[in-house]
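Here's the structure, in structure tokens; my notes come after.
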Amino acid sequence: MKKRLLVSALPALALSVALGTAQAGETLDAVKGKGFVQCGVSTGLPGFSVADDKGNWAGLDVDVCRAVAAAIFGDASKVKYSPLNAKERFTALQSSEIDMLSRNTTWTLTRDSNLGLNFAGVNYYDGQGFMVSKNLGVKSALELDGASVCIQAGTTTELNLADYFRANSMKYEPITYDSSDETVKGFEAGRCDVLTSDQSQLYALRIKLSKPGSAIVLPEVISKEPLGPVVRQGDDEWFNIVRWSLFAMINAEELGVSSANVDKMKSSKDPGIRRLLGLEGIKGQGLKLSDDWAYNIVKQVGNYSEAFERNVGQGSRLKISRGLNALWNNGGIQYAPPIR
Amino acid sequence: MSDLPNVSHTPGKPAPWNDPKIRALVFQALLIGVVVTFGLYLINNTLHNMEQRGISTGFGFLDNTAGFGVTQSLIEYDETYTYGRTFFVGLLNTLLVAVLGIISATLLGFVMGVARLSRNWLIARIATVYIEIFRNIPLLLQIFFWYFAVGLNLPRPKQSFALGETIFLNNRGLFIPRPITEDGFGLVIGAFVVAIIAVIVIARWAHRRQDATGQPFHTVWVSLALLVGLPGLAFLAAGAPLTWEMPELRGFNFRGGLSVLPELFSLTLALAVYTGTFIAETVRAGIQSVSHGQTEAARALGLREAPMLQLIIIPQAMRVIIPPLTSQYLNVVKNSSLAAAIGYPDLVAVFAGTTLNQTGPAVEIIAMTMAVYLTFSLSISLLMNWYNAKMMLRER
Ligand SMILES: N[C@@H](CCC(=O)N[C@@H](CS)C(=O)NCC(=O)O)C(=O)O
């Protein structure tokens, strides 16, 4: 009995020790001290965060981690990655195992207000969709009454799915797996008729199928899924750095500055560009970064458009079009406050 | 000073601070006090820190609407029930797989344990191979095997194995007709209860008669006849108040009837096969611990193999078997939490998984979950200790 009591107290002990209150400046100091950013990513989602066989990570979410490292160290490679499944991710951030989370995570009220976390921005506007096997002959999600649906645990997906079927008075059988690999396997083995997730991830998971052509993504989008980087609540300085690293990429696209022309742009007369590159204006001062923080991001990681096309757009296997993620002045809703 | 104690009191009654019993009590009370205070301090500190960090705490979430679906529930549940309800849905699903796992592991383990000692070469070999293979493969891999390689490789719903349009087997589960009782079924249940009472009375009487006169009675056959016959007669008398709801393929899946999910099936099977190996070894050790003289004595009395096992060997072996058997049962309960890996909605998956994810109070939810496992484990321990005491060697 006594032993059991101790054993059950241990996790509580671990939590209480790990949960110091976050103070402004704490994370940046710790990151500078150890010399790298510890970034939480997915366990492997093509286009967003995926490791090659040499262990090099790439993807749209990974690029946010790299941008933060470039802003702090002037070196985008100073990142260490923690692959996390959906269930583990928030605990990892809360307990300071990671400095930031950049893992296709939806910004919701519960997560923003109940978990002691803050969302630093949106790097991909998504929405939940359905993937079905082609030979089912289903053309619309409204034909899915009575279907079995594979989902990954610990995602926003579970609730959206329930809401959608309830709103349309349809029945369904949810099969909830812990990891994305099992979810895909369950779908391939025919345990369920439908796999549901954010649409971008459906395209990514489809690549992982043994026969990607055998599945189609249905046209319906049933939810809003703004995905973005997350930090612990209470360290405003760190929050600002992560947020503005992302904004710098988006502003760079808007100003037409890319990794290819950034050096040439240094002699530009456009005051917006000159402020972005730290040649005039506030520079890195308020963020406690060097003046060329944004220059380093663009030079080493690229602007938002470059990151998008390289990872999930036309330069990738996913071939996702910009859609909602086009800039605000180009038909989309990606919009970053100005650097001035 | 050194001779003071000798003077101050009589040898039989030491001063309270010297009485080993009182001392032990005081020290134990102190230790408990320290542990409890420390525990409370930890919990308090954690909750305080979490609140500071903006992480929600408290049990208020239990009353909120859950809003998510669960595949299998033994009690009524849908999206409109509360998070508190999801706790019981998960708890019962864990209990179900634990009970099924324990029963089937025990059956398999006893059969294999006895088989391993069989004088039939083939049977003994089969048991040995079974034990050596399944004891040495990690349980999670076995669960994946039974689920992905066996369960999900069954045909799809449209190509189900069918037994006369009433029972269907496919990779979505096993579907059987569901009995629906009508008015008058209470009579059948009543008759069944009467039959059970009658069986108990008869068994007692037969036992006493055999003790007194040595005359055996066919208790088993009479009991069976009673248990089947009485409810059967009542059933006919009430005008067969029972209909069946048949499973039928509609759209993607079978609807109606009762179903056994492939997740439940695979998890139970994996738990049974894995734990069965350990139970088999325990049973073998137990049987071998009974001295050979007992076997020889039984043979000398002319007992055949089966009654010898049943009347002489097993009862004595049980004393050695029960304690390790208890810890195997505890393992089944704890290992059942691997369910989440294959999507079986147990307590960990539903409550410590989805509910925690949608609400946030980690300490409360994990504490509730741990309390459930602790309660299950302690209940099993108590039950088995009671059984152990009953089976203990009684000196006559
Ligand atoms: N955006 C949703 C879903 C995110 C999510 O975890 N999606 C799954 C897709 S099935 C995933 O990325 N899994 C990858 C992994 O677990 O590593 C959320 O934030 O809850």
Confirm whether A:Lys224 is open to solvent by 50 Å² or more (accessible area, probe 1.4 Å), within 26 Å of B:Gly173 (Cα to Cα) and either within 10 Å of chain B (Cβ to nearest Cβ) or not hydrophobic (A, V, I, L, M, F, W, C) (or both).
-> no
Selected residue [buried (at least 24 other Cβ atoms within 10 Å of the Cβ) and in contact with a helix residue (DSSP H, G or I) (Cβ under 8 Å, 6 or more places away or on another chain)] from A:Thr105, A:Thr91 | A:Thr105
Some residue of segment B:313-321 being under 30 Å from B:Thr71 (Cα atoms) and open to solvent by 20 Å² or more (accessible area, probe 1.4 Å) | no
Selection count where residues are among the basic types (Lys, Arg) and part of a helix (DSSP H, G or I), scope segment A:97-126 | 1
Using the structure shown, decide if A:Gly44 is within 16 Å of the ligand (Cβ to nearest atom), modelled with pLDDT under 95 and open to solvent by less than 20 Å² (accessible area, probe 1.4 Å).
-> yes
So which pairs qualify, if the first residue must be in segment B:120-134 and in contact (Cβ under 8 Å) with a residue 12 or more places away in the chain, the second must be assigned to a helix (DSSP H, G or I) and acidic (Asp, Glu), the Cβ gap must be under 8 Å, and the two must be at least 6 apart or on different chains?
-> B:Ile131/B:Glu281
Quickly run through segment A:146-164 and pick out the residues that are open to solvent by 20 Å² or more (accessible area, probe 1.4 Å), in contact with a helix residue (DSSP H, G or I) (Cβ under 9 Å, 6 or more places away or on another chain) and within 11 Å of the ligand (Cβ to nearest atom).
-> A:Gln152, A:Thr155, A:Thr156, A:Leu159
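Counting only residues that are outside any strand (DSSP E or B) and either touching a residue at least 12 places away in the same chain (Cβ under 8 Å) or not assigned by TED's automatic domain parsing to the domain that holds A:Glu182 (or both), how many does segment A:127-160 have?
Initially, segment A:127-160 is screened for residues outside any strand (DSSP E or B), giving A:127, A:134-146, A:153-160.
Filter once more, keeping what is either touching a residue at least 12 places away in the same chain (Cβ under 8 Å) or not assigned by TED's automatic domain parsing to the domain that holds A:Glu182 (or both): A:127, A:134-136, A:138-142, A:144-146, A:153-158, A:160.
Number of matching residues: 19.
Matching residues to (1) more than 9 Å from every other protein chain (Cβ to nearest Cβ); (2) assigned to a loop (DSSP other than H, G, I, E, B):
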residue	(1), (2)
A:Ala162	no, no
A:Met170	yes, yes
A:Thr176	no, no
A:Gly190	no, yes
A:Leu195	yes, no
A:Arg206	yes, no
A:Phe247	yes, no
Among the candidates B:Arg85, B:Arg116, which residue alone is open to solvent by 50 Å² or more (accessible area, probe 1.4 Å) and either without any contact (Cβ under 8 Å) to a residue 40 or more places away in the chain or within 11 Å of chain A (Cβ to nearest Cβ) (or both)?
-> B:Arg85
So which residues in segment A:186-198 are open to solvent by 10 Å² or more (accessible area, probe 1.4 Å) and either more than 12 Å from the ligand (Cβ to nearest atom) or closer than 15 Å to A:Lys171 by Cα (or both)?
-> A:Glu188, A:Ala189, A:Asp193
Quick one: which of A:Ser140, A:Ser179, A:Ser169 is open to solvent by 20 Å² or more (accessible area, probe 1.4 Å), within 11 Å of the ligand (Cβ to nearest atom) and over 12 Å from B:Thr354 (Cα atoms)?
-> A:Ser179
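Quick grid of which residues meet (1) under 30 Å from A:Ala141 (Cα atoms); (2) in contact with a Pro (Cβ under 7 Å, 6 or more places away or on another chain):
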{"position": "B:Glu182", "(1), (2)": "no, yes"}
{"position": "B:Met246", "(1), (2)": "yes, yes"}
{"position": "B:Thr268", "(1), (2)": "no, no"}
{"position": "B:Gly276", "(1), (2)": "no, no"}
Scan segment A:105-131 for residues that are acidic (Asp, Glu) and more than 13 Å from chain B (Cβ to nearest Cβ) and jot them down.
-> A:Asp126
In segment A:84-96, how many residues are more than 9 Å from the ligand (Cβ to nearest atom) and either away from chain B (no Cβ under 14 Å) or outside any loop (DSSP other than H, G, I, E, B) (or both)?
-> 5
With (1) loosely packed, with under 10 Cβ neighbours inside 10 Å; (2) at the interface with another protein chain (Cβ under 9 Å from one of its Cβ atoms) as the list, and B:Arg53 as the residue in question, which single condition is left unmet?
-> (1)
Could you tell me whether B:Thr86 is in a helix (DSSP H, G or I), within 17 Å of B:Gly353 (Cα to Cα), modelled with pLDDT of 90 or more and hydroxyl-bearing (Ser, Thr, Tyr)?
-> yes
Looking for whichever is open to solvent by less than 10 Å² (accessible area, probe 1.4 Å), charged (D, E, K, R) and away from the ligand (no atom under 15 Å from the Cβ) here; the options are A:Asp63, A:Asp75. Which one fits?
-> A:Asp63
From the list B:Glu281, B:Glu248, which residue is out of contact with any helix residue (DSSP H, G or I) (no Cβ under 6 Å at 6 or more places or on another chain), under 23 Å from B:Arg135 (Cβ atoms) and among the acidic types (Asp, Glu)?
-> B:Glu281
Test: residue in segment A:111-129 that is in contact with an Asp or Glu (Cβ under 8 Å, 6 or more places away or on another chain), away from the ligand (no atom under 16 Å from the Cβ), small (Gly, Ala, Ser) and closer than 30 Å to A:Lys211 by Cβ = no
Exclusive hit being more than 9 Å from chain B (Cβ to nearest Cβ), more than 30 Å from B:Ala339 (Cβ to Cβ) and within 16 Å of the ligand (Cβ to nearest atom), set A:Pro229, A:Pro219 = A:Pro229
The condition of being within 14 Å of chain A (Cβ to nearest Cβ) and without any contact (Cβ under 8 Å) to a residue 60 or more places away in the chain holds, among B:Leu311, B:Leu264, B:Leu356, only for B:Leu356
Quick count over segment A:280-330, residues being of a type outside the set (D, E, K, R), assigned to a loop (DSSP other than H, G, I, E, B) and closer than 17 Å to A:Pro226 by Cα, is 4
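The values are calculated or read from the model by the stated rules, or taken from the named source; none is laboratory data. The model shown is predicted, which means the values in this text are computed figures rather than measured ones. Because the Cβ atoms are built from the backbone with ideal geometry, glycine has one as well, and the counts that use them run over all protein chains shown. Surface areas here come from the heavy atoms of the whole protein model, side chains and all, with no ligands, DNA or RNA. Shrake-Rupley method; radii C 1.70, N 1.55, O 1.52, S 1.80 Å.
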